[in-house]
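The values are calculated or read from the model by the stated rules, or taken from the named source; none is laboratory data. As the structure is a prediction and not an experimental result, all values here were calculated from the model. Heads up, the Cβs are rebuilt from the backbone with ideal geometry, glycines too, and the neighbour counts pull from every protein chain shown. In case anyone asks, the SASA skips ligands and DNA or RNA and just uses the protein heavy atoms, side chains included. Shrake-Rupley method; radii C 1.70, N 1.55, O 1.52, S 1.80 Å.
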Amino acid sequence: MASRLGSLPPQLASTSLHHHRHHLRNPQCSGQASLSWRRAVVPAQLELISASTSPGKIPKPFSSADVLHHCWLNTAVATSLSQGTPVRPTSILVVGATGTLGRQVVRRALDEGYDVRCLVRPRPAPADFLRDWGATVVNGDLSKPETIPATLVGVHTVIDCATGRPEEPIRTVDWEGKVALIQCAKAMGIQKYVFYSIHNCDKHPEVPLMEIKHCTEKFLQDSGLNYLIIRLCGFMQGLIGQYAVPILEEKSVWGTDAPTRIAYMDTQDIARLTFIAMRNEKISKELLTFAGPRAWTTQEVITLCERLAGQDANVTTVPVSILKFTRQLTRLFQWTNDVADRLAFSEVLSSDIVFSVPMTETYNLLGVDQKDIVTLERYLQDYFANILKKLKDLKAQSKQTDIFL
């Protein structure tokens, strides 16, 4: 695939993309501007981003003084390429295909007959499971814009599930990489761009990850692409490692004393609704929010896991005040800024907020019956039933082995 890069239009040459990465790394920042955006059409050259005076804001990662920074930028959008060979509507590129949501999107797409290409970073352990499922895997890295254009050749729709790794600065993939991907998608004539965001991201500019998601939404809306933005509240799959497994292993479960309520949703349902929305001709340049059937507090989730596991949890409660203090402390040191950014997100999740929305209108739009959406009770019940059965079978095999010994 990389060998085809030389045949791409000159505005997508890797040297040009590499040159413009400098602008991503050095934005000019200012203090207290409101978020607004302005487009500029550049007919001959793809500019990833130029630091200028157009009022959009984005957090700056390397500062020890300010909690919130606003940066100015121009969104430069390349004109559409001349008409070439039409691409099939079933040809999609999934970015972030190895993640919790991404792999469910891939599986759903393959089940529905899509031709699936997965953009993954080069890694020591290849993503062979994606190939085993029937997807095509191409290497690319959002933090290296010159690797992106070749992965988009022959693609109709981009589904962006990517997010940065915990050890990376939030800005690297979730902002700089997304800007590069959106600009390349526009220049390559991608027909639809699906972007997963966070519910209420526009209401929490003090949280870098949520602010970045909101800015990316605005950037995509101004790009000229046909987009579908889907805001999510929380994944049921994330509760397994956070609560279910520690309870079964009799380890500490960490929680907070805040009454936050989150409407968790099964990633398989998210993937299913995504493709229904993609095929709906009435849904174009839309922002939808997906939420589970009910919003749960941390304590309610723990209590449900205890009941299904048949044992009590060893709960360690972290007061919200401790999270706030830790966040302020880590802001004093440049090398802990990214930790502070993630703690800011934890602080929001631990506040008196409900991460949920009424879904009746969305179900009607998509033609979906609410009864077909998996509830958290059913999801966890299935998990514990399966895992407890396996544990019981292992114990039975162990006793049988002891007899023969």
Query raised in the report: Looking at Thr136, Thr151, Thr163, which one is under 24 Å from Thr267 (Cα atoms) and modelled with pLDDT of 95 or more?
Result: Thr136
Query - Within the range 90-148, strands (runs of 3 or more DSSP E) holding 3 or more residues that are touching a helix residue (DSSP H, G or I) at 6+ places or on another chain (Cβ under 6 Å) and either hydroxyl-bearing (Ser, Thr, Tyr) or buried (at least 16 other Cβ atoms within 10 Å of the Cβ) (or both) - result: 115-120
Report summary line: Within the range 163-198, residues being open to solvent by less than 20 Å² (accessible area, probe 1.4 Å) and not in a helix (DSSP H, G or I) number 7
Query raised in the report: Of all residues in the range 128-151, which are in contact with a Cys (Cβ under 6 Å, 6 or more places away or on another chain) and either over 19 Å from Leu101 (Cβ atoms) or basic (Lys, Arg) (or both)?
Result: Ile148, Pro149
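Yes/no matrix, rows are residues, columns are (1) open to solvent by 20 Å² or more (accessible area, probe 1.4 Å); (2) touching an Asp or Glu at 6+ places or on another chain (Cβ under 9 Å); (3) farther than 29 Å from Lys392 by Cα; (4) among the aromatic types (Phe, Trp, Tyr):
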residue: Arg261; (1), (2), (3), (4): yes, yes, yes, no
residue: Gln268; (1), (2), (3), (4): yes, no, no, no
residue: Ala271; (1), (2), (3), (4): no, no, yes, no
residue: Thr274; (1), (2), (3), (4): no, no, yes, no
residue: Ile283; (1), (2), (3), (4): no, no, yes, no
residue: Leu288; (1), (2), (3), (4): no, no, yes, no
residue: Pro293; (1), (2), (3), (4): yes, no, yes, no
residue: Glu306; (1), (2), (3), (4): yes, yes, no, no
residue: Asp312; (1), (2), (3), (4): yes, yes, no, no
Query raised in the report: When you look at Val245, is it among the β-branched types (Val, Ile, Thr), in contact with a helix residue (DSSP H, G or I) (Cβ under 6 Å, 6 or more places away or on another chain) and more than 19 Å from Pro145 (Cα to Cα), yes or no?
Result: no
Report summary line: Those residues of the range 209-224 which are over 24 Å from Thr267 (Cβ atoms) and either crowded, with 22+ Cβ neighbours inside 10 Å or of a type in the set (S, T, N, Q) (or both) amount to Glu211, Cys215, Phe219, Gln221, Ser223
**Report entry** Considering residues of the range 227-258 that are farther than 19 Å from Ile198 by Cβ and within 19 Å of the chain's Cα centre (by Cα) only, the residue modelled with the highest pLDDT
**Finding:** Ile240
Query raised in the report: So is Thr172 modelled with pLDDT under 95 and of a type in the set (S, T, N, Q) or not?
Result: yes
